[in-house]
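We did not get these values from a lab; they are worked out from the coordinates using the rules stated. Here the structure is a predicted model, which is why all the values come from computation and not from measurement. Cβ: placed from backbone, ideal geometry, glycine included. Neighbour counts: every protein chain shown.
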Amino acid sequence: MAMVSPSLLSADFGNLERDIAMLNQSECDWFHLDVMDGVFVPNISFGFPVMEAMKQHAKKPLDVHLMIVEPQKFVKQVAALGAKVMNVHYEACNHLHRVLQQIKAEGMMAGVTLNPHTPVNVLEDIICEADLVMLMGVNPGFGGQKFIEHTVDKTRRLRELIDKSGSRVLIEIDGGVNRETGRRLVEAGADVLVAGSAVFGAADPQEEIHALRSL
């Protein structure tokens with residue numbers, strides 16, 4: 001059974017309270033919040049004022065994904081949201097070990113994210129310091145993109161690396177996740193599925209979350 005973390009990037013921003021209330025009543029495990037800065041990725045999403053507003057209504061743990069340069073500057077602010085998970089990109093951190101330690105020191109799960117072009121073997125010397133590794137199934141920056149097929153094999157290679165290390169790192173996948181790709185990803189070793197368009201574009205979002213959790 002997979003954990004499901006719906007991405008609020010695909011919610012109706014004009015009716016966020018309504019969509020968050022729907023997720024509160026669903027079987028989802030976390031709320032996935034994608035923060036984009038227009039520098040690290042070619043888009044801007046939302047920042048801390050909007051996340052503060054989301055937090056007021058969310059009854060599920062926050063899974064915060066920073067697609068920004070210098071994410072280490074915001075560790076304490078993310079912690080102040082009460083976030084359970086803080087995800088930073090391998091490609092955005094010159095001193096990844098230090099950043100993961102900072103995240104853990106604030107009581108959060110430390111997540112490291114890999115872009116589609118970044119191989120999993122770059123994590124060999126850091127895997128035991130992370131609590132979670134997130135693989136991007138699309139190029140970060142926009143919702144609704146087509147799933148990059150090699151993500152399934154990449155998930156399998158990451159599972160092998162984790163098992164070999166003896167660590168208990170969770171594997172999360174973000175981008176292009178639906179029932180069909182989700183099934184293959186879970187079979188390859190994924191633990192957490194981030195779904196945006198698949199959930200919020202469904203006729204019955206709660207049923208879609210149930211189906212994804214049942215994979």
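For this structure, a couple of remarks:
- Scanning segment 57-76 turns up one or more residues that are part of a helix (DSSP H, G or I) and of a type in the set (D, E, K, R).
- Checking each residue in segment 51-72 for being more than 15 Å from the chain's Cα centre (by Cα) and either β-branched (Val, Ile, Thr) or over 23 Å from LEU8 (Cα atoms) (or both) picks out only VAL69.
- Segment 1-23, residues that are assigned to a helix (DSSP H, G or I), closer than 21 Å to VAL177 by Cβ and polar (S, T, N, Q): SER10
Condition check ((1) closer than 22 Å to ARG213 by Cβ; (2) touching a strand residue (DSSP E or B) at 6+ places or on another chain (Cβ under 9 Å); (3) aliphatic (A, V, I, L, M)) across all residues:
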| site | (1), (2), (3) |
| --- | --- |
| MET22 | yes, no, yes |
| PHE48 | no, yes, no |
| PRO61 | yes, yes, no |
| MET67 | no, yes, yes |
| GLY82 | no, yes, no |
| VAL85 | yes, yes, yes |
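- Segments classed as helices (runs of 4 or more DSSP H), wholly inside segment 107-215, with at least 1 members that are of a type in the set (A, V, I, L, M, F, W, C) and closer than 28 Å to GLN72 by Cβ: 151-165
- Close pairs from segment 23-43: first farther than 19 Å from PHE142 by Cβ, partner among the small types (Gly, Ala, Ser), Cβ under 6 Å, at least 6 apart: TRP30/SER5; PHE31/ALA58
- Among the candidates VAL4, VAL88, VAL64, the residue that is surrounded by 15 or more Cβ atoms within 10 Å (Cβ to Cβ), closer than 27 Å to ALA188 by Cβ, of a type in the set (A, V, I, L, M, F, W, C) and in contact (Cβ under 8 Å) with a residue 40 or more places away in the chain is uniquely VAL4.
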